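Peer 1: Below you will find the structure I want to go over with you.
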Amino acid sequence: QVQLVESGGGEVQPGGSLRLSCSASESGFRLGTMGWYRQAPGKRRELVATVTDRGSTTYDNSVKGRFTISRDNHKSTVSLQMNNLKPEDTAVYYCKVIMLSRDYWGQGTQVTVSA
């Protein structure tokens, strides 16, 4: 079992920035792909960004150029730097990691972008 704890959500005005962090109970060197997903009210959960164990990253087109995902295997963390936030970024953001072909999810953290 891998326990994940997210932090860093909150409310921000359009154009603002937030940084999400997810801490895993397992060594980062044992984890496969780590990522962030989000779910807005009434919508399906969607991928935001992922980073593989080799450091390769992928982003949803809607966040390219604004969000940056990174991982620190020594600290067992994955972070999401979110800049130039828009109202449509409002959602609950979830951390997900893969270990030994199993998915593990965090509890979610709310991000609200509002004037």
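Peer 1: Summing +1 for each Lys or Arg and -1 for each Asp or Glu, what net charge is found among the other residues whose Cβ lies under 11 Å from the Cβ of GLN1?
Peer 2: Its environment carries a net charge of 0.
Peer 1: Still on this model: How many percent of the accessible area of the chain is carbon or sulfur, using a 1.4 Å probe?
Peer 2: Working: 2790 of 6190 Å².
With neighbouring chains kept in place, the figure for the chain is 45 percent.
Peer 1: Between the alpha-carbon centers of region 98-112 and region 18-95, tell me the distance in whole angstrom.
Peer 2: Here the two parts' Cα centres lie 10 Å apart.
Peer 1: Which FRET efficiency value, to the nearest 0.05, do you get for SER62 and ALA115 by plugging their Cβ-Cβ distance into 1/(1 + (r/R0)^6) with R0 = 22 Å?
Peer 2: E between SER62 and ALA115, to the nearest 0.05, is 0.65.
Peer 1: Among ALA24, ALA40, ALA49, which one shows the highest mean-square fluctuation when the chain is modelled as a Gaussian network with alpha-carbon springs under 10 Å?
Peer 2: ALA40
Peer 1: State, to one decimal in nm, how far the label point of SER17 lies from the label point of ASN73, with both points 7 Å from Cα in the Cβ direction.
Peer 2: Computed distance between label sites SER17 and ASN73 equals 2.7 nm.
Peer 1: With point charges of +1 on the Cβ of Lys and Arg and -1 on the Cβ of Asp and Glu, referenced to the Cα centre of the chain, which listed residue (LEU18, PHE67, THR109) lies farthest in the positive direction of the dipole?
Peer 2: Positive-most Cα among the choices belongs to PHE67.
Peer 1: Keeping every protein chain present and rolling a 1.4 Å probe, give me the accessible area per residue for region 55-115 in Å². The partial results should precede the final answer.
Peer 2: Details: 3120 Å² over 61 residues.
I get 51 Å² per residue for region 55-115.
Peer 1: One quarter of the convex hull surface, Cα atoms only: what value does that give for the chain in nm²? Please report the intermediate quantities before stating the final value.
Peer 2: Numbers: hull surface 26.4 nm².
That works out to 6.6 nm², a quarter of the Cα hull's surface.
The values are calculated or read from the model by the stated rules, or taken from the named source; none is laboratory data. Since the model is a prediction, treat every value here as computed from it, not as a measurement. When we count neighbours, we look across all protein chains shown, and the Cβ atoms used for this are built from the backbone with ideal geometry, even at glycine. The area values use the complete protein model at the heavy-atom level, side chains included, leaving out ligands, DNA and RNA. Shrake-Rupley method; radii C 1.70, N 1.55, O 1.52, S 1.80 Å.
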